[in-house]
Amino acid sequence: MLTSRKGPAFETTGAEGSSISRVREEAESCTRCDLYKSATHLVFGKGPARAKVLFVGEQPGDREDQAGQPFVGPAGKLLDRCLEKAGIDRDMCYVTNAVKHFKFTLRGKRRIHSKPKTGEVQACAWWLAAELRLIKPTLVVALGATALYSLLGRQAKVTRDRGKVLNSPNGVPMLVTFHPSALLRSRDRADAELNRARFVEDLRKIADFLE
């Protein structure tokens with residue numbers, strides 16, 4: 001197992017709440033960065049309070065922002081299908097994001113995803129750190145570059161480390177893979193089916209940590 005440096009989520013003590021529900025309630029009034037000003041809802045993590053597997057994505061999308069729930073849009077539905085193919089029960093997983101508010105730019109009436117800045121990821125690591133502390137997962141799955149940076153810093157790279165299990169600063173194994181939204185964006189490419197198959201194969205590795 002490879003060891004990587006710590007990212008923002010391990011450089012902060014995080015929120016001090018004694019339960020996920022209390023931290024979620026505290027997060028609802030978060031003003032640690034400016035993203036709350038234009039978002040509809042804060043989108044906190046969701047899943048069992050003692051989940052063995054914790055998925056970390058980048059940020060909520062338009063549908064998640066409207067619903068106030070993580071991974072309910074197209075990327076979330078693709079994740080569900082791929083988890084099913086991999087034989088993993090989504091209901092036993094906790095899903096969250098490195099950034100809890102939707103960042104977007106307006107294009108006409110459409111709200112288009114905009115990548116969070118480093119400072120925004122660092123500010124929101126306060127909440128991710130608390131989720132990691134309270135849930136105590138057996139495995140963390142980093143979905144994409146922003147999640148990986150929040151967890152393990154700039155040294156870890158999705159292109160290089162995809163499919164690998166890295167050791168985190170607190171000893172919890174971290175599986176590196178694509179964000180499902182990247183698969184959606186590349187679905188017209190010649191290698192789209194291959195990348196989806198690779199994603200499912202990565203997810204199958206979760207089973208090794210659930211025994």
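The values are calculated or read from the model by the stated rules, or taken from the named source; none is laboratory data. Note that this is a predicted model, so its numbers are computed, not measured. Every residue, glycine as well, gets a Cβ built from its backbone with ideal geometry; the counts of neighbours run over all protein chains shown. In case anyone asks, the SASA skips ligands and DNA or RNA and just uses the protein heavy atoms, side chains included. Shrake-Rupley method; radii C 1.70, N 1.55, O 1.52, S 1.80 Å.
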statement: Taking region 155-175 and keeping residues in contact (Cβ under 8 Å) with a residue 60 or more places away in the chain and either more than 18 Å from Leu210 (Cβ to Cβ) or not hydrophobic (A, V, I, L, M, F, W, C) (or both) leaves Gln155, Ala156, Asp161, Lys164, Leu166, Asn167, Ser168, Pro169, Asn170, Pro173
- request: Within region 176-198, track down each residue that is among the charged types (D, E, K, R) and without any contact (Cβ under 8 Å) to a residue 60 or more places away in the chain.
  value: Arg185, Arg187, Asp188, Arg189, Asp191, Glu193, Arg198
message: Between Gly14, Gly7, which is at positive phi, in contact (Cβ under 8 Å) with a residue 60 or more places away in the chain and among the small types (Gly, Ala, Ser)?
response: Gly14
statement: Condition set among the hydrophobic types (A, V, I, L, M, F, W, C) and modelled with pLDDT of 95 or more, scope region 1-31, selection farthest from Lys164 (Cα to Cα): answer is Cys30
query: Given the conditions (1) of a type in the set (Val, Ile, Thr); (2) farther than 15 Å from Leu83 by Cβ; (3) assigned to a helix (DSSP H, G or I); (4) in contact with a strand residue (DSSP E or B) (Cβ under 7 Å, 6 or more places away or on another chain), which single one is not true for Ile206?
result: (2)
- line: Picked from region 49-66 (must be assigned to a helix (DSSP H, G or I) and open to solvent by less than 60 Å² (accessible area, probe 1.4 Å)), the residue nearest to Leu203 (Cα to Cα) is Glu64
- request: Give the residue, chosen from Gly153, Gly163, that is at positive phi and touching a helix residue (DSSP H, G or I) at 6+ places or on another chain (Cβ under 6 Å).
  value: Gly163
query: Which pairs have Cβ atoms under 6 Å, sit 6 or more apart or on different chains, and link a residue in region 106-130 that is under 18 Å from Gly61 (Cα atoms) to one that is surrounded by fewer than 12 Cβ atoms within 10 Å (Cβ to Cβ)?
result: Ile112/Thr105; Ser114/Thr105
message: Could you check region 172-198 and list, in sequence order, the residues that are within 23 Å of Ile112 (Cα to Cα), assigned to a loop (DSSP other than H, G, I, E, B) and either at pLDDT 90 or above or open to solvent by 30 Å² or more (accessible area, probe 1.4 Å) (or both)?
response: Phe178, His179, Arg187, Asp188, Arg189
- prompt: Which of the residues that make up region 1-48 are assigned to a loop (DSSP other than H, G, I, E, B), among the aliphatic types (A, V, I, L, M) and exposed (fewer than 15 other Cβ atoms within 10 Å of the Cβ)?
  reply: Met1
